[in-house]
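Bear in mind these aren't lab numbers, they're just calculated from the coordinates by the rules spelled out. Nothing here was measured: the structure is a model prediction, and the numbers come from that model. Here the Cβ positions follow ideal geometry from the backbone for every residue, glycine too, while neighbour counts run over all protein chains shown.
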Amino acid sequence: MFSGIHLDWIPEDFSLTAEQFNEALTYHLNTHGPPPFGQLHTSLIDRSTYTTFGHGEEVPWLDMHSVGNKPRDHGFYGAMDTLFHLEPPYPAINFEPYYTGWDHEINKPGGETPIANSDRDNYFARAQMYGSVLSGGLAGHVHGTAAYDITTTGEPAGARPHIWEALKYESGNQMQHLKSFMLSEGARYQQLQPGHQQLHPNKSEISQVRGLDGWSLMMMTPEKDFSLLYLENKAVLPEISGLKKNTSYTFTWFNPRSGEWLEATELKSDRKGNLKLPGFPDGSNLSSKDWAAKILQNE
């Protein structure tokens, strides 16, 4: 991937406008052509490339959309859903989600700054990862830490931990489990579409847009035979609507902290296509931890 410009901040007095950058990158495309090896051309961005630049013929140099930088909370997910439904479709990704170990005003979901590499700190990165991908970011995800500028030998750590410390953060290790989860049915993940509105409820009473607790997210195939879910910390156990009527499904919990699949359960939708989920693995109806899950129609 190639980012034609690092545009995660457009200060009025110290930057070209988005329109001027678009004009320059369009001129570069027309003069020199696209990247020589077929790289996707995108831009690191504040909020969304779509709201900043537009789509299609408006931005001829851009062939991959992204969100990032602000807001590092639930506010990303609506923007990602919008990118997913654009025509013609482009791949989309969250390039700058929550960064573990970073004490900065734009990196405070719900106003919190957890201790670096604590369970809460790693949870925020994990929740942002599954939430972004299951909101339509099927191109993948980027993991970041406060050591993004590679603070190294002879430099004080301060607000930037040394790179050898940030490399030990558990959030980076947990990224591998996203791959195990999304590719558990091979290439079938490419057919998934956002379906959060089919979860009832998809938010708990304590959840807030500026936080990362209490939401439930889901993608489902148009054939209604394969779904992936992610339920944040403090999410309420939802019921799913819009499935096939009177149909048998296999439901399996997935632990996003360890990458472990739990024992599968056989469930059946009712005559309206609704499906009640089994209780959370800890036996509660309000999650004390985040969980993911897979639903497959039985043959």
Is region 202-248 best put as rounded, prolate or oblate by its Cα gyration tensor, with a ≥ b ≥ c the root eigenvalues, rounded for a/c under 1.5, and otherwise prolate when a/b is larger than b/c, oblate when not?
prolate
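If each DSSP helix of 4+ residues adds -39,500 (n - 2.57) and the sum is divided by the residues in the chain, what number results at 222 nm, nearest 500 deg cm²/dmol?
Details: 7 runs with 61 residues, N = 299.
Rounded to the nearest 500, it is -5500 deg cm²/dmol.
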Assigning unit charges at the beta carbon (Lys, Arg +1; Asp, Glu -1) and nothing else, what dipole magnitude in debye, to the nearest 20, does the chain show about its Cα centre?
1060 debye
If one computes the Cα centroid of region 1-74 and of region 246-299, what distance in Å separates the two points?
40 Å
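How large is the translational diffusion coefficient of region 89-215 in µm² per second when you combine the Kirkwood radius over alpha carbon pairs with Stokes-Einstein at 4 °C and 1.567 mPa s?
Values: Rh = 15.9 Å.
Answer from the Stokes-Einstein relation: 81 µm²/s.
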Lysines with Cα under 25 Å of residue 268, excluding same-chain neighbours fewer than 8 positions away
203, 224, 244, 245, 276, 294
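Sorted by average packing, counted as other Cβ atoms within 10 angstrom per residue and highest first, what order do 292-299, 111-118, 225-232 take? Present the calculation step by step, with values, prior to reporting the outcome.
Numbers: 292-299: 17.0, 111-118: 14.2, 225-232: 23.9.
Put in order of decreasing packing, that is 225-232, 292-299, 111-118.
Which value in Å is the Kirkwood Rh of region 163-269 over different Cα pairs? Mind showing how you got there, number by number?
Numbers: mean 1/r = 0.0646 Å⁻¹.
So the Kirkwood estimate lands at 15.5 Å.
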Name the residue farthest towards the positive end of the dipole of the chain from the options 279, 102, 114, assuming +1 on Cβ of Lys and Arg, -1 on Cβ of Asp and Glu, about the Cα centre.
279
